[in-house]
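Peer 1: One structure follows; several queries about it will come next.
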Amino acid sequence: MKRKATANWQGTGMEGTGQLNTTSGVFNNQPYSFKTRFKNEDGTLGTNPEELIAAAYAGCFNMALSFQLQGAGFIPENLHTEAILTMENSDGHFKITGIELDLEATVPGLEEDKFLEVAAKAKNNCPVSQALSAIDIMLKATLQTKTFN
């Protein structure tokens with residue numbers, strides 16, 4: 001399997017702008033720039049590579065966890081993962097230093113210990129986790145319980 005995306009850039013690093021495109025069409029001339037990467041925290045002006053890595057990771061992790069849960073005999077009702085990527089500036093060079101996965105899951109019949117075991121296995125075996133193995137990856141996993149009235 002191969003997936004393809006293209007990036008086009010015009011101008012200098014500080015003042016230039018670019019567009020991202022994907023074969024699926026999800027991105028069609030999606031703008032990105034220095035401003036959208038480092039100055040526009042709410043993302044209203046476009047995307048940035050770090051946001052895309054975080055989104056890819058959250059999606060991949062949820063899918064991997066769903067497969068792990070199914071293999072263990074459980075069907076998740078809901079898996080909600082927030083991926084928080086940290087990038088730091090060290091001596092004028094930016095470096096991605098870590099990602100925290102913050103998972104909230106609703107899985108009927110699953111005990112906490114088994115949930116944590118399966119979530120850790122999904123984190124370690126997700127293809128994006130493997131690609132990002134050079135950075136620190138933390139997992140905070142919370143199993144939601146339902147209350148009935």
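Peer 1: Give the stretch 87-117 a look and list any residue that's surrounded by 12 or more Cβ atoms within 10 Å (Cβ to Cβ) and farther than 22 Å from LEU132 by Cβ, or say none.
Peer 2: THR106, VAL107, LEU110, LYS114, PHE115
Peer 1: Which one of the conditions (1) part of a strand (DSSP E or B); (2) farther than 29 Å from TRP9 by Cβ does PHE94 fail to meet, given that it meets all the rest?
Peer 2: (2)
Peer 1: Can you name the condition, by its number, that ASP113 falls short on among (1) touching a residue at least 12 places away in the same chain (Cβ under 8 Å); (2) farther than 27 Å from ASN29 by Cα?
Peer 2: Unmet for ASP113, out of (1) touching a residue at least 12 places away in the same chain (Cβ under 8 Å); (2) farther than 27 Å from ASN29 by Cα: (1).
Peer 1: Okay, moving on. Restrict the check to the stretch 45-62 and report whether at least one residue is assigned by TED's automatic domain parsing to the domain that holds LEU139, among the hydrophobic types (A, V, I, L, M, F, W, C), crowded, with 17+ Cβ neighbours inside 10 Å and over 26 Å from ALA5 (Cβ atoms).
Peer 2: Among the residues of the stretch 45-62, not one is assigned by TED's automatic domain parsing to the domain that holds LEU139, among the hydrophobic types (A, V, I, L, M, F, W, C), crowded, with 17+ Cβ neighbours inside 10 Å and over 26 Å from ALA5 (Cβ atoms), which makes the answer no.
Peer 1: Within the bounds of the stretch 25-32, is there any residue that is under 20 Å from ALA83 (Cβ atoms) and surrounded by fewer than 14 Cβ atoms within 10 Å (Cβ to Cβ)?
Peer 2: At the first step, the residues of the stretch 25-32 found to be under 20 Å from ALA83 (Cβ atoms) are 26-27, 30, 32.
This time we only want the ones that are surrounded by fewer than 14 Cβ atoms within 10 Å (Cβ to Cβ), so: 26.
The answer is yes, given that some residue of the stretch 25-32 is under 20 Å from ALA83 (Cβ atoms) and surrounded by fewer than 14 Cβ atoms within 10 Å (Cβ to Cβ).
Peer 1: Using the structure shown, decide if PHE34 is more than 30 Å from ALA120 (Cα to Cα), aromatic (Phe, Trp, Tyr) and without any contact (Cβ under 8 Å) to a residue 60 or more places away in the chain.
Peer 2: On the way: more than 30 Å from ALA120 (Cα to Cα): yes; aromatic (Phe, Trp, Tyr): yes; without any contact (Cβ under 8 Å) to a residue 60 or more places away in the chain: yes.
So PHE34 fits the description; yes.
Peer 1: Take the stretch 74-86 and flag every residue that is surrounded by 17 or more Cβ atoms within 10 Å (Cβ to Cβ) and assigned to a strand (DSSP E or B).
Peer 2: Passing the criteria: LEU79, THR81, ALA83, LEU85.
Peer 1: Here's something else I'd like to know. Cβ-Cβ under 8 Å, sequence separation 6+ or interchain: first residue in the stretch 121-134 and within 12 Å of MET63 (Cα to Cα) and touching a residue at least 12 places away in the same chain (Cβ under 8 Å), partner among the hydroxyl-bearing types (Ser, Thr, Tyr) and buried (at least 19 other Cβ atoms within 10 Å of the Cβ). Which pairs?
Peer 2: Here the result reads LYS123/SER129; CYS126/TYR57; VAL128/TYR57, each pair linking the stretch 121-134 to a residue that is among the hydroxyl-bearing types (Ser, Thr, Tyr) and buried (at least 19 other Cβ atoms within 10 Å of the Cβ).
The values are calculated or read from the model by the stated rules, or taken from the named source; none is laboratory data. Keep in mind that this is a model prediction, so the values were computed, not measured. We place every Cβ from the backbone using ideal geometry, glycine too, and count neighbours over all the protein chains shown.
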